[in-house]
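What follows is a set of notes on a single structure, which appears directly below.
The values are calculated or read from the model by the stated rules, or taken from the named source; none is laboratory data. For clarity, every value in this text was computed on a predicted model and none was experimentally measured. Because the Cβ atoms are built from the backbone with ideal geometry, glycine has one as well, and the counts that use them run over all protein chains shown.
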Amino acid sequence: MSRLDLFIDRMVSQRACLDHAIAETAGLTGPVFELGLGNGRTYHHMLERIEGRDIYVFERAVASHPDSTPSEDALILGDVTETLPEAFERFGPSASLVHADLGGHNREKNDIFARKVSPLIEPLLAEGGIMVSSDRMYFQSLTELALPKNAVEGRCFIYRR
């Protein structure tokens, strides 16, 4: 499979999973966390589709498109291994939706990082909250869900508390 095909599968899956998670958590009131801003495409997508919930973005350094850059009060800057525990102190287990696209092009490194951040993400989710990730995560108390229609196996993962 070409790198272009892999990218398209990832984008189609990401949109399908995010739309599914947004619909599934529409009745929850807790904040939404975007882990990794990048160019800001998924953040912008969530802004367009989520109503009534604050969206906070966790990022090391902002390099997003101007239309996809969060306001300063919605931005949590720093390494997620430090900012996620701080977020738990601030928000507790209240996140209705967490989306993470933190990995790079090296699957082995992505897996090591996923194992490191999974226990930092898990306590942030509210009861009924959903986690969408571009990488397999390693949770103790979350259940992996089936992917929605149009999502490609292995390109996105969904978990629920």
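Among residues of region 96-115 that are without any contact (Cβ under 8 Å) to a residue 60 or more places away in the chain and under 25 Å from Thr25 (Cβ atoms), those with a beta-carbon under 6 Å from a residue that is surrounded by 13 or more Cβ atoms within 10 Å (Cβ to Cβ) and among the hydrophobic types (A, V, I, L, M, F, W, C) at least six positions away or on a different chain give the pairs Ala114/Met137.
Taken together, the criteria exclude Glu144 from residues that are more than 24 Å from Glu86 (Cα to Cα), acidic (Asp, Glu) and part of a loop (DSSP other than H, G, I, E, B). Within region 70-83, identify whether any single residue is of a type in the set (Ser, Thr, Tyr) and exposed (fewer than 13 other Cβ atoms within 10 Å of the Cβ), and answer yes or no. The answer is yes; a qualifying residue exists. A search for C-beta distances below 9 Å between a residue of region 46-65 that is under 18 Å from Arg15 (Cβ atoms) and part of a helix (DSSP H, G or I) and any residue that is at pLDDT below 95 and small (Gly, Ala, Ser), counting only pairs 6+ apart in sequence or on different chains, returns Leu47/Ser68. Among residues that are among the hydroxyl-bearing types (Ser, Thr, Tyr), at pLDDT 95 or above and in contact with a helix residue (DSSP H, G or I) (Cβ under 9 Å, 6 or more places away or on another chain), Ser118 is not included.
In the set Glu24, Glu34, Glu48, only one residue is modelled with pLDDT of 95 or more and surrounded by 20 or more Cβ atoms within 10 Å (Cβ to Cβ); that residue is Glu34.
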